[in-house]
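Below is one structure, written out as structure tokens; the observations come after it.
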Amino acid sequence: MFLRLNHQKLDLYQFSGPFVLECYKITKAFPPEERFILVARICRWPLSVHLNIAEGASRKSLSERKRFYEIARESIVEIGAALDISYDLNYCTEKNLEQLGFLMIKCFKILCDLINSNQ
């Protein structure tokens, strides 16, 4: 917002922001007893994805950059597992998860491409 840095120009960053917001939206419908369990994690992990993308993009070393992208990708896997449980518990529906699923897959694919590239 205040700084204009390279990570803001990445396609990945343009998807990871809405991904965070979508996770917050989805968890609003979860039962109150999940506030400190699933909700906290499902909101924390996508924020971690977004922040690791920003930090990774600022690294000069390719190996450092890739490590931050790997951490972001690992967080997406964790979100997927938490959403599977949430779905099984009927906290959300397939319809509710459509947009979130699209953003999650898009971020995961772009991260994989960045990790496997030599840039």
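The values are calculated or read from the model by the stated rules, or taken from the named source; none is laboratory data. Keep in mind the model is a prediction, meaning the values are calculated, not measured. Don't worry about glycine lacking a Cβ; one is built from the backbone with ideal geometry, like all the others, and counts go over all protein chains shown.
Laid out as a table, the results:
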| quantity | calculated |
| --- | --- |
| Some residue of region 30-45 being in contact with a Lys or Arg (Cβ under 9 Å, 6 or more places away or on another chain) and closer than 28 Å to Asp113 by Cα | no |
| In region 74-119, the residues that are among the basic types (Lys, Arg) and either in contact with a His (Cβ under 7 Å, 6 or more places away or on another chain) or under 21 Å from Thr27 (Cβ atoms) (or both) | Lys95, Lys106 |
| Tally, over region 45-63, of residues that are in contact with a His (Cβ under 9 Å, 6 or more places away or on another chain) and polar (S, T, N, Q) | 1 |
| Boolean, Tyr87 is over 30 Å from Asn118 (Cα atoms), at pLDDT 95 or above, crowded, with 18+ Cβ neighbours inside 10 Å and of a type in the set (Ser, Thr, Tyr) | no |
| Condition met for Leu103 (closer than 26 Å to Ser117 by Cβ, out of contact with any Lys or Arg (no Cβ under 9 Å at 6 or more places or on another chain) and among the hydrophobic types (A, V, I, L, M, F, W, C)) | yes |
| Selection within region 82-103 - more than 20 Å from Phe15 (Cβ to Cβ) and in a helix (DSSP H, G or I) | Asp84, Ile85, Ser86, Tyr87, Asp88 |
| Leu62 surrounded by fewer than 13 Cβ atoms within 10 Å (Cβ to Cβ) and either touching a strand residue (DSSP E or B) at 6+ places or on another chain (Cβ under 7 Å) or among the aliphatic types (A, V, I, L, M) (or both) | yes |
| Qualifying residues in region 1-52 (those that are surrounded by 15 or more Cβ atoms within 10 Å (Cβ to Cβ) and in a loop (DSSP other than H, G, I, E, B)) - the one farthest from the chain's Cα centre (by Cα) | Phe30 |
| Count of region 77-119 residues which are under 16 Å from the mean Cα position of the chain (by Cα) and of a type outside the set (A, V, I, L, M) | 13 |
| Cβ-Cβ under 9 Å pairs, at least 6 apart or on other chains, region 96-119 side within 15 Å of Ala57 (Cα to Cα), far side among the aromatic types (Phe, Trp, Tyr) and assigned to a helix (DSSP H, G or I) | Cys107/Phe15; Cys107/Phe19; Ile110/Phe15; Leu111/Tyr69; Cys112/Tyr69; Leu114/Tyr69; Ile115/Tyr69 |
